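First the structure, in the form of structure tokens, and then the observations on it.
Read-outs: derived from the displayed coordinates by stated rules, not from any lab. Everything quoted here is computed from the prediction, not taken from an experiment. Every residue, glycine among them, receives a Cβ derived from its backbone with ideal geometry; neighbour counts consider all protein chains shown.
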Amino acid sequence: METKMTPEQSLQIINEMINSAKSSMNKHHIYFLIWGWLMIASAVSVYLIVYQQNNPMGHLSWMVAGIIGGIASSLYGKNQAKKIKSVTFIDKAYQYVWLSYGITLLCILFGSIGFKSDPGPYITILTALPVLVTGLMLQFKPFVIGAAVFWIMGLISFFVDEPTRLLFFSVAIFFGYIIPGYMLRKQENND
Amino acid sequence: MIEFEELDPLLHSQLRLSIISLLVSQSESDFVFIKEKTGSTAGNLSVQLNKLSDAGYITIRKTFKNNYPLTTCKITQKGLKAFEVYVTAIKGYINPK
């Protein structure tokens, strides 16, 4: 048997349902923490091994970090996929933005290897884009601020030497990934 | 005299409206999620989902996940349009011109 509803009750149902299904993007804070700490560790390793000990093999730190991050992210992602019961449009948009970023990043990396140029400033500037979109979609200001830091650090990086770029990159990662990542985790625990 | 738009009888039902409202913001949702959020029984939910599906408001996909049956629902363009019309009509009732 169906209950008769007043227009007010109808609106109330609509509001309740839409609010109850709000995106739970905060479960993705782990990706920012994994990649944030890996990138900072790599930047520090490259600085110490390549520029302090003059060993070019230190550049392999990026590759090692990429492999570790890729494996950790996919294992976590697979685990999450088992638990997820619904996918919001925001979740989908979020995935597409980061997928596009990943593909563009790989293109820049391969291009830079081919031309033997430092992709650092380009990557720093490029990273501002998905971070900003994430911040705007989640209405989470720390990511918006983080994106601004990425743009500023990336732009300055064009005018400094390679070791200093690593420092700027680490600062950008700290403000764009690490701080928002921990704040997102806190919000998740409060929800 | 104020003229009210007729409300879509398919959406002017507590459970079906809940289902559609839930699916509006979702790319896709599984049966268990909808059941939890709407607080309905499996049997009633199944009946209402089929009514919405027959009207072309949603699509129902039956697959398997970890060897368990998985029913996934998704709103269609027709369902989205019907929802928009319904909300406009409801607003007309609440704030008549």
Helix B:14-24 axis, angle to chain B major axis (alpha carbon atoms, nearest 10°): 80 degrees
10 Å Cβ neighbours from other chains, averaged over peptide B:20-32: 6
Positive-end residue, segment A:57-191 charge dipole about Cα centroid, Cβ charges, pick of A:A81, A:L126, A:G66: A:A81
Approximate spin-label separation A:C107-A:Y182, in nm, with each point projected 7 Å along Cα-to-Cβ: 3.6 nm
Shape of segment B:27-80, Cα gyration tensor, a/c cut at 1.5: oblate
Pairwise Cα inverse-distance average, inverted: Kirkwood Rh of segment A:70-160 (Å): 14.8 Å
Rg and Dmax [Cα atoms of chain B; Å; Rg one decimal, Dmax integer]: 14.8, 59
Most fluctuating residue given options A:Y96, A:Y177, A:Y31, as computed from a GNM of chain A linking Cα atoms under 10 Å: A:Y96
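Mind checking the dipole of segment A:2-152: about its Cα centre, +1 per Lys or Arg Cβ, -1 per Asp or Glu Cβ, Debye to the nearest 20?
Dipole about the Cα centre, nearest 20: 280 debye.
Of the cross-linked pairs A:K92/B:K91; A:K141/B:K74; A:K83/B:K37; B:K37/B:K81, which ones have a Cα-Cα span greater than 27 Å in the structure shown?
Result: A:K92/B:K91; A:K141/B:K74 exceed 27 Å.
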Among A:I68, A:I179, A:I123: highest mean-square fluctuation, GNM of chain A, C-alpha pairs under 10 Å: A:I68
Extension reserve of the A:K116-A:V160 stretch, reckoned as 0.36 nm per residue once the Cα distance is removed: 14.1 nm
Hydrodynamic radius (Kirkwood) for chain A, which is based on Cα pairs only, to one decimal in Å: 18.4 Å
Coarse-grained scattering of segment A:29-104 at q = 0.18 Å⁻¹, given as base-10 log I(q)/I(0) from a Debye sum over alpha-carbon atoms: -0.82
Between segment B:50-97 and segment A:88-158, the Cα center-to-center distance that results, in Å: 35 Å
P(r) of segment A:111-173 over all Cα-Cα pairs, binned every 5 Å from zero, in whole percent: 4, 21, 26, 20, 15, 8, 5, 1
B:E84-A:Y51 pseudo-label distance in nm [points 7 Å out on the Cα-to-Cβ vector]: 5.3 nm
Choice from B:L23, B:L70, B:L11 with maximal GNM fluctuation in chain B (Cα, 10 Å cutoff): B:L70
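Which value, in debye to the nearest 20, gives the size of the charge dipole of segment A:80-191 about its Cα centre, when Lys and Arg are +1 and Asp and Glu are -1 at the Cβ? Spell out each step's value before the answer.
Working: 9 positive and 6 negative charges, 90 e Å.
Here the size comes out at about 440 debye.
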